[in-house]
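These notes are about the structure you will find just below.
The values are calculated or read from the model by the stated rules, or taken from the named source; none is laboratory data. As the structure is a prediction and not an experimental result, all values here were calculated from the model. Backbone-built Cβ (ideal geometry, glycine too); neighbour counts: all protein chains shown.
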Amino acid sequence: MKIAHVTDFYSPRLGGIETHVSDLAERQQAQGHQVIIITSTPGPQDPDVRRVTNDFRRPGALHPLAVSAGVRVLRDLDVDVVHAHLGVGSPLAFFLARAAARQGIPTIVTVHSMWAGVAPIMSTMDALGGWSGLPIVWTAVSEAAAAPVRRQLRPGTPILILANGIDQDQWRRPAPAERPDELVLVAVMRLARRKRPLALLRLVHRAQAALEREGDPTRLRLVVAGDGPRQAAMERYVRRHSMTDSITLLGRLDRPAVHDVLGASHVFLAPADLESFGIAALEARCSGLPVIAKSKGGVGEFIHHEREGLLCESDDDMSNAIVRLARDPARRRQMAAHNRTAVCAVAWEPLLELTEAAYATARAAQHLDAAEHLDALTTVRRGLG
């Protein structure tokens, strides 16, 4: 099968969509499929990656001419299926999915982000383009991500869940060394506002203050991997609060380096309020770290409260959760042992099977009317559930 994955954001940019698309494409190629990435993110030349803005005077992931260039590339490829990956702002993926479905190409869309707050925009685009009635198979990375999308589609349109996959054995790490007076916290994220990196610093600061008030000698040490537009603000916060000895901003790391950082840490923190999935938290869980995260969003679909970690309603709850695991090392080690040994339900083999089934449904949908299309989607959802 010749598959085109369409994504506005791809390497060398680093994030959840970029990582997932790269990993999925690699595994589909290993199964014998021919896989092409169509992206507007500029970067190095690769025969399997069509970077549609590379030849522009000022290439960029959100270039206004990227869509027309992408449509031309898609027309020349003659693919069997188009798999578009949407975030909140993904014009290339959105419009190429619409173009593919209109041209009779089997099309599947995976929503990777929370569509909270964009309902008016999506409704306007639907009124202008009629995308919700096209024979597209809609999927999302979690039930949390699916909920706002469902409200934008025609009543009764099923949304299949295609979570981000992981190779648990690749991430599993032995328990790190411990010191009785130190707890190493880690976060891996893009340092952008929606990920709330400054809130991360504040809640760790509050947790340290709480331990000191209680006379607990434990020193918290936070390690943050990632880069982004909020890095300078984080550096100012660290200096202003005299936290340079306890907080380390590592910048962007490749995946082997992230492996090493997780393997030397004790607890993973995910402060984002609206996380559609949380692949970094999943990698930490499979590395054996207890995860402290917000209860809303996709993280709660693979982290269960009091088992793989602690789920919180607020930043104050997260600070309290840090204090709790600092003061109760036995409970922390129990969670870590569970994460290190228990099989994670989010694995690549079943995900690849679900994806193949979704592609088959997309092929069938091109020959059905609207009512039959809904019936087919409902049937495959029941079969995959």
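For the reader, a short list of remarks on this structure follows.
- Test: residue in the range 116-138 that is touching a Pro at 6+ places or on another chain (Cβ under 6 Å) and not assigned by TED's automatic domain parsing to the domain that holds SER242: yes
- Residues located in the range 43-100, provided they are charged (D, E, K, R), surrounded by fewer than 18 Cβ atoms within 10 Å (Cβ to Cβ) and in a helix (DSSP H, G or I): ARG72, ARG75, ASP76
- Taken as a whole, the range 98-108 holds at least one residue that is touching a Phe, Trp or Tyr at 6+ places or on another chain (Cβ under 6 Å) and modelled with pLDDT under 95.
- Evaluated against (1) surrounded by fewer than 17 Cβ atoms within 10 Å (Cβ to Cβ); (2) of a type in the set (Lys, Arg); (3) in a loop (DSSP other than H, G, I, E, B), ARG190 falls short on exactly one condition, (1).
- In the condition set (1) of a type in the set (A, V, I, L, M, F, W, C); (2) in contact with a helix residue (DSSP H, G or I) (Cβ under 8 Å, 6 or more places away or on another chain); (3) not in a strand (DSSP E or B), ALA147 is compliant with all but (2).
- Unique residue being free of Cβ contacts under 8 Å to residues at least 24 places away in the same chain, surrounded by fewer than 24 Cβ atoms within 10 Å (Cβ to Cβ), in the same structural domain as ARG221 (by TED's automatic domain parsing) and under 28 Å from LEU153 (Cα atoms) when the list is SER314, SER295: SER295
- Among the residues of the range 38-51, those that are closer than 17 Å to GLY87 by Cβ and either in contact with a Ser or Thr (Cβ under 7 Å, 6 or more places away or on another chain) or touching a residue at least 60 places away in the same chain (Cβ under 8 Å) (or both) comprise THR39, SER40.
- Against the criterion of being surrounded by fewer than 21 Cβ atoms within 10 Å (Cβ to Cβ), touching a residue at least 24 places away in the same chain (Cβ under 8 Å) and touching a helix residue (DSSP H, G or I) at 6+ places or on another chain (Cβ under 7 Å), ARG221 does not qualify.
- Just one residue in the set THR19, THR110 is among the polar types (S, T, N, Q), crowded, with 20+ Cβ neighbours inside 10 Å and either outside any loop (DSSP other than H, G, I, E, B) or in contact with a Cys (Cβ under 7 Å, 6 or more places away or on another chain) (or both); that residue is THR110.
- Complete set of residues in the range 256-280 that are part of a helix (DSSP H, G or I) and in contact (Cβ under 8 Å) with a residue 24 or more places away in the chain: ALA257, VAL258, HIS259, VAL261, LEU262, GLY263, ILE279, ALA280
- Residue pairs meeting the criteria (Cβ under 6 Å; at least 6 apart or on separate chains; first in the same structural domain as PHE277 (by TED's automatic domain parsing), in the range 72-97; second of a type outside the set (D, E, K, R) and not in a strand (DSSP E or B)): none
- Condition broken by LEU160, with the remaining ones in (1) in the same structural domain as TRP138 (by TED's automatic domain parsing); (2) at pLDDT 90 or above; (3) in contact with an Asp or Glu (Cβ under 9 Å, 6 or more places away or on another chain) satisfied: (3)
- Hey, ARG221 part of a strand (DSSP E or B) and either modelled with pLDDT under 95 or touching a Ser or Thr at 6+ places or on another chain (Cβ under 9 Å) (or both) or not: yes
- Top-ranked residue of the range 288-344 - restricted to ones that are modelled with pLDDT under 95 and touching a Ser or Thr at 6+ places or on another chain (Cβ under 7 Å), ranked as farthest from LEU222 (Cα to Cα): GLU301
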